[in-house]
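Undergrad: Below you'll find the structure I mean.
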Amino acid sequence: MLTGPDGKPFDFFDETKGKLAFLFFGYTNCPDVCPVHMASCRKSSPGPACRPPR
């Protein structure tokens, strides 16, 4: 089970059933490549999917 941006449980399978979905696990805090990958992800996703945690 994943956690949604509101802190509540998010069932990826149930929430994305019948939709095209992209699941990406990125690190928000590492010295070199991670920030670049997260920035690329952010550009490709208009929604909250690639926002780092607060």
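Undergrad: By average Cβ neighbour count within 10 Å, what is the ranking of 2-9, 18-25, 31-38 from highest down?
TA: Top to bottom by mean Cβ count within 10 Å: 31-38, 2-9, 18-25.
Undergrad: In nm, to one decimal, how far is the modelled label at PHE10 from the one at CYS41, with both set 7 Å along Cα→Cβ?
TA: 1.0 nm
Undergrad: Give me the one-decimal nm value for the distance between modelled label points at CYS30 and LEU2, 7 Å along each residue's Cα-to-Cβ direction.
TA: Going from the CYS30 label point to the LEU2 one covers 1.8 nm.
Every number in this text was worked out from the coordinates using simple rules, so none of it is lab data. The structure displayed is predicted, hence computed values, not measured ones. Here Cβ is always computed from backbone atoms with ideal geometry, including for glycine, and neighbour counts include all displayed protein chains.
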